[in-house]
1. Any chance you could count how many residues in segment 256-315 are among the small types (Gly, Ala, Ser) and closer than 30 Å to VAL159 by Cα?
2. For segment 161-168, indicate whether the set of residues that are in contact (Cβ under 8 Å) with a residue 12 or more places away in the chain, within 20 Å of ILE306 (Cα to Cα) and not in a strand (DSSP E or B) is non-empty.
3. Those residues that are surrounded by fewer than 14 Cβ atoms within 10 Å (Cβ to Cβ) and either closer than 26 Å to VAL296 by Cβ or aliphatic (A, V, I, L, M) (or both), I need them from segment 158-179; list them, please.
4. Restrict the check to segment 328-339 and report whether at least one residue is in a loop (DSSP other than H, G, I, E, B) and at pLDDT below 90.
5. Test of understanding: among TYR246, TYR176, TYR219, which residue is at pLDDT 95 or above and more than 18 Å from the chain's Cα centre (by Cα)?
6. Test VAL153 against the criterion of being touching a helix residue (DSSP H, G or I) at 6+ places or on another chain (Cβ under 7 Å), of a type outside the set (Gly, Ala, Ser) and modelled with pLDDT under 95, and give yes or no.
7. Give segment 181-219 a look and list any residue that's within 18 Å of GLU343 (Cα to Cα) and surrounded by 15 or more Cβ atoms within 10 Å (Cβ to Cβ), or say none.
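The values are calculated or read from the model by the stated rules, or taken from the named source; none is laboratory data. Here the structure is a predicted model, which is why all the values come from computation and not from measurement. FYI the Cβ positions are ideal-geometry reconstructions off the backbone, even for glycines, and counts take in every protein chain you see.
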Amino acid sequence: MPLPLPGEDNQAQFMFTVARLTPGSSQPRRLENDEQEMFKCMQLYKLGVPLYTREAILNAYGQLKASKRGDITKITAIDGTSVDFIINTGRVWIGADGYERELGKPRLCFMPIQRLESCVVPDQLHTIPCSIRVAHRVATRDPITKERFEYGVTAFEKVRLNLFTTLHFWRNSPYYQLLRYLLDDYPKMPRITKIIGFDCGSMSRDLQGQPSNNSRARYQHAFLIALKEYLDARNFETTGQEVRVYVQHETYLERDIEVIRQFGVQVLQDPEGFLVVDEETVVVSCRPECPVRQVVADLAMPAMMIWDHERDPTKVNGMSAQRIFDPWSTRLDTMMRFYHVQEFVNDEINFDKMDVCIRRPMADVYHDVNDPDPGSDANFAQPVA
């Protein structure tokens, strides 16, 4: 039996749970004035109200871990509204293709500000002023045998060898040498104790002849491992502290986790990666499937970020607003005032155009604030020759 694709571009399909704004109500309720509610969200956002907080993420995550079908997960929206999300784990229905669809375990989904200020992506929930929502992964299964359709898994030794080989190529690539040169050029590097990579992808998923992102996933994991080696060597000369490496990706297979651990990388469950981000962290993300940049901007001021260069708030990675995953925002513009930003020309086959953002010493920031030259733009470093 042919395997139904999980979605366009082989992306996993998710379904948001039913949400209700009236606690205790048995039915969801739409907001009466969409434009008024969206305007309210934008005003709160401009006033500095965070879309995401550690407390909100921890609270929602704790509820989900203990939830079962029929339970309610309560999340507070940006305007203080209490929103009930009804857990539907195990719900089954027949799809238009005759296969059954089953809802898996719930997970948290993070909405960028663009989803709260616009109806570009119309759906039942677009008026809910909630930046953290609950969704279920949708699995496809045979209506008779009830067997789930799953892609194949590449053998452990092959995945391990592929990553080892990719790491060797990356260490010797001109892009890695350029990155080292770029980082060497910053003598005032902030203290760094950990690296967290978001949505680096599965290296072991066998798509049975269909195009896959396994190569991108291998190179992005190799990037993290090589970056740790560089920072360990740099720390050895100062603090002597070893840098820890974490990754967070909701669709890792067990085979991925087995291989990743062999290289000293710790896998965190979604959304635990966001909770470990602090002022001593390097954040790495390349075309993630969630608004990593906006979440990080609300949670911390990391030591360094290496992430997408795209800064058009209506686009991400060249795609229009209908496919926004990690869009830019005005809050990120403000955040960048505290960073040296250097464009990093990377391997565009396995990565995309990226920026290296290194947090500036507060003395430098203070100097720029008091700089009589209003045209200075000291936080944007000159390109490396």
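1. The total comes to 3.
2. The answer is yes, given that some residue of segment 161-168 is in contact (Cβ under 8 Å) with a residue 12 or more places away in the chain, within 20 Å of ILE306 (Cα to Cα) and not in a strand (DSSP E or B).
3. LEU161
4. No, that holds for no residue.
5. Sole residue among the options that is at pLDDT 95 or above and more than 18 Å from the chain's Cα centre (by Cα): TYR176.
6. In short, yes.
7. Answer for segment 181-219, where residues must be within 18 Å of GLU343 (Cα to Cα) and surrounded by 15 or more Cβ atoms within 10 Å (Cβ to Cβ): LEU182, LEU183, TYR186, MET189.
A quick yes/no check of all residues on (1) closer than 25 Å to VAL138 by Cβ; (2) at pLDDT 95 or above; (3) part of a loop (DSSP other than H, G, I, E, B); (4) in contact with a His (Cβ under 8 Å, 6 or more places away or on another chain):
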{"residue": "GLY24", "(1), (2), (3), (4)": "no, no, yes, no"}
{"residue": "ILE78", "(1), (2), (3), (4)": "no, no, yes, no"}
{"residue": "ALA96", "(1), (2), (3), (4)": "yes, no, yes, no"}
{"residue": "ARG107", "(1), (2), (3), (4)": "yes, no, no, yes"}
